[in-house]
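Q: The structure under discussion is supplied below as C-alpha cells; questions concerning it will follow.
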Amino acid sequence: MSIQQLYSPTDSFNPNLQYTELMFVEDRLQTVLQKADGLIRQTCLSLLQSGGKRIRPLLTLYSGMCFAPLNPLMIEAGVASELIHMASLIHDDVIDEASTRRGKPTIGAQYGNHAAILTGDYLFAEAFSILAKQQLLTSMSYLVEAIQAMCHGEVHQADEQFSIVDEDGYFNRIAKKTGILLAACTQSGAALAGATLQEQALMREYGLNLGYAYQITDDILDINGDSESLGKPVGSDLINGNITLPMIYLLDKAIYGTWLKEIIKTRRVTPQGALSIREALINTGCIEEAYHTATQCIRYAKASLNTVSSSPYKTSLLHLADMILHRKI
C-alpha cells in the first residue's frame with residue numbers, strides 16, 4: 001500500500017495536511033537502496049516497491065515537528081527507523097516461514113532465505129551507517145534498544161509457543177515486538193527538535209501505547225481479518241501457538257478456558273481447530289474485550305499529548321491513534 005493510499009484526504013487525518021514531509025523519507029529510501037549491488041539491490045528494491053505504511057518515519061517527523069520545524073536530522077532518523085523496520089520484517093518472515101506479505105511474495109519466497117537474511121542484514125547496516133555519519137547518537141541509542149527488545153521479543157515468543165501466558169506477560173512481549181520501536185521513533189523525533197527530557201518522555205509514552213494498540217489490533221485481525229485485505233493468511237497465530245490477548249481472555253471463560261487449555265497442551269492446532277477457536281473467540285466476546293483494551297491504550301497515548309502545544313502535527317498524531325483502532329490492514 002502506498003503512502004498516498006494510506007494517508008488519503010478521505011481518512012480521519014487532517015485533510016488540510018498532505019503529509020508531503022514523508023516524500024523526503026521516500027526519496028532518501030530510494031537513494032539509499034539504489035546504492036546496493038547485484039541481488040541485494042534487487043531484493044531491496046523489490047521490498048521498497050511492495051509498499052508500506054511508513055508509520056515509523058511519520059512518527060519520527062511529526063513528533064519532532066510538534067516542537068520545532070522539520071530539519072534534515074529528523075528525516076535521516078526517520079529513514080533509519082524505516083530501514084530497521086524493513087529489516088525486521090524480512091527476518092520475521094524467514095523465522096515464520098511466511099510466503100506472502102502485503103499480498104506479494106516475501107523476499108524469502110522469491111529469492112530464498114539466504115538472500116533474505118543478507119538483505120535484512122544490509123538494511124540494518126545502512127540504518128546504522130546513516131545514524132553514525134550524521135552523528136545521531138541519541139537516536140541510535142533509542143533504536144539499538146528497540147532492536148535488542150525486538151530480538152528478545154521474538155525469542156520469548158518462540159519459547160512461549162503453546163504456553164499459557166497472562167496479560168502482563170503478553171504486554172511485556174508486545175512492548176518488545178512493537179511498542180519500544182514506536183516509542184524510540186517518537187522520542188527520537190522529539191529529541192532532534194530540542195524537546196525537553198520531560199517532553200521526550202511524554203512522546204515516548206505516546207509511542208509505547210500506540211504500539212500496544214497496534215499489536216493488539218494486529219492480533220485481532222489475525223483472528224477476524226480478511227486475507228485479501230491483509231495480504232497474508234489469517235489464523236497464523238492460532239496455528240503457530242502464539243497466545244494473543246483474545247485467547248488470554250478466552251482462557252478465563254468457564255468451560256471454554258478448560259477446552260482451550262487442552263488444545264494448547266497438545267501443541268498442535270489444525271486448520272479446523274483454528275476455525276473452532278475463532279468461533280469461540282467471537283461468540284464469547286473475547287475479541288470485543290481485546291478491542292476495548294486497545295481502545296484504552298489509545299486513550300493513554302492521546303492523554304500523553306495533553307500538555308503538548310496545539311499544532312497540525314499534534315492533531316495528526318491524535319488522528320493516527322484513532323486510525324490504529326479502525327484499520328483493516
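The values are calculated or read from the model by the stated rules, or taken from the named source; none is laboratory data. Keep in mind that what you see is a predicted model, and the values were worked out from it rather than measured. For neighbour counting, all protein chains shown are included, and Cβ atoms are generated from backbone atoms with ideal geometry for every residue, glycine included.
Q: Those residues that are in contact with a helix residue (DSSP H, G or I) (Cβ under 8 Å, 6 or more places away or on another chain) and either under 30 Å from LEU251 (Cβ atoms) or surrounded by fewer than 17 Cβ atoms within 10 Å (Cβ to Cβ) (or both), I need them from segment 303-317; list them, please.
A: THR307, SER311 - these are the residues of segment 303-317 that are in contact with a helix residue (DSSP H, G or I) (Cβ under 8 Å, 6 or more places away or on another chain) and either under 30 Å from LEU251 (Cβ atoms) or surrounded by fewer than 17 Cβ atoms within 10 Å (Cβ to Cβ) (or both).
Q: Continuing with this model, one more query. For ASP93, only one of the following conditions fails: (1) within 26 Å of THR217 (Cα to Cα); (2) among the charged types (D, E, K, R); (3) out of contact with any Ser or Thr (no Cβ under 7 Å at 6 or more places or on another chain). What is its number?
A: Status for ASP93: all satisfied but (3).
Q: May I pose another question? If I filter segment 283-291 for residues that are buried (at least 20 other Cβ atoms within 10 Å of the Cβ) and either at pLDDT below 95 or closer than 16 Å to ALA213 by Cβ (or both), do I get at least one hit? Reasoning before the result, please.
A: Of the residues in segment 283-291, the ones buried (at least 20 other Cβ atoms within 10 Å of the Cβ) are 286-287, 290.
Next cut, either at pLDDT below 95 or closer than 16 Å to ALA213 by Cβ (or both) only: 287, 290.
Yes, segment 283-291 has at least one match.
Q: Among (1) of a type outside the set (Asp, Glu); (2) under 18 Å from GLN134 (Cβ atoms); (3) outside any helix (DSSP H, G or I), where does SER63 come up short?
A: Result: SER63 fails condition (3) only.
Q: While we're looking at this one, here's another question. Give THR43, THR31, THR20, THR60 a once-over and let me know the one that is more than 20 Å from the chain's Cα centre (by Cα), hydroxyl-bearing (Ser, Thr, Tyr) and within 30 Å of ALA301 (Cβ to Cβ). First the steps, then the outcome.
A: On the way: THR43 fails: within 30 Å of ALA301 (Cβ to Cβ); THR31 fails: within 30 Å of ALA301 (Cβ to Cβ); THR60 fails: more than 20 Å from the chain's Cα centre (by Cα).
None of the other options fit; the residue is THR20.
Q: Continuing with this model, one more query. List the number of the failed condition for THR266; all other conditions in (1) of a type in the set (Val, Ile, Thr); (2) under 18 Å from the mean Cα position of the chain (by Cα); (3) surrounded by fewer than 20 Cβ atoms within 10 Å (Cβ to Cβ) hold.
A: Only one criterion in (1) of a type in the set (Val, Ile, Thr); (2) under 18 Å from the mean Cα position of the chain (by Cα); (3) surrounded by fewer than 20 Cβ atoms within 10 Å (Cβ to Cβ) is unmet by THR266, namely (2).
Q: Might you let me know whether segment 234-247 holds any residue that is touching a Leu at 6+ places or on another chain (Cβ under 6 Å), within 24 Å of ASN283 (Cβ to Cβ) and in contact (Cβ under 8 Å) with a residue 60 or more places away in the chain? Can you show your working first?
A: To start, the set of residues in segment 234-247 that are touching a Leu at 6+ places or on another chain (Cβ under 6 Å) comprises 246.
Filter once more, keeping what is within 24 Å of ASN283 (Cβ to Cβ): 246.
Next, only the ones that are in contact (Cβ under 8 Å) with a residue 60 or more places away in the chain stay: none.
Within segment 234-247, none of the residues are touching a Leu at 6+ places or on another chain (Cβ under 6 Å), within 24 Å of ASN283 (Cβ to Cβ) and in contact (Cβ under 8 Å) with a residue 60 or more places away in the chain.
Q: Can you spot a residue in segment 56-64 that is surrounded by fewer than 24 Cβ atoms within 10 Å (Cβ to Cβ) and at negative phi? Give the steps one after another, and end with the answer.
A: Initially, segment 56-64 is screened for residues surrounded by fewer than 24 Cβ atoms within 10 Å (Cβ to Cβ), giving none.
No: zero hits.
Q: Taking GLN215 as meeting all but one of (1) in a helix (DSSP H, G or I); (2) modelled with pLDDT under 95; (3) under 27 Å from CYS185 (Cα atoms), write down the number of the exception.
A: Among (1) in a helix (DSSP H, G or I); (2) modelled with pLDDT under 95; (3) under 27 Å from CYS185 (Cα atoms), the lone unmet condition for GLN215 is (2).
Q: While we're on this one: Of everything in segment 74-118, what is among the β-branched types (Val, Ile, Thr) and either part of a helix (DSSP H, G or I) or under 12 Å from SER46 (Cα atoms) (or both)? Give them in sequence order.
A: Matches in segment 74-118: ILE75, VAL79, ILE84, ILE90, VAL94, ILE95, THR106, ILE107, ILE117.
Q: Now for a different question. Just give me the residues in segment 1-57 being assigned to a helix (DSSP H, G or I), modelled with pLDDT under 90, β-branched (Val, Ile, Thr) and over 17 Å from GLY120 (Cα atoms), in sequence order.
A: ILE3
Q: List pairs: first residue in segment 249-277 and without any contact (Cβ under 8 Å) to a residue 40 or more places away in the chain, second residue of a type in the set (Ser, Thr, Tyr) and surrounded by 12 or more Cβ atoms within 10 Å (Cβ to Cβ) anywhere in the structure, Cβ distance under 7 angstrom, at least six positions apart or on different chains.
A: Filtered contacts from segment 249-277: LEU250/TYR256; LEU250/THR284; LYS253/THR284; TYR256/THR284.
Q: Here is a list of conditions, (1) hydrophobic (A, V, I, L, M, F, W, C); (2) in contact (Cβ under 8 Å) with a residue 60 or more places away in the chain; (3) within 30 Å of SER310 (Cβ to Cβ); (4) outside any helix (DSSP H, G or I), and LEU70 meets all of them except one; can you say which number that is?
A: So LEU70 meets the others, but not (2).
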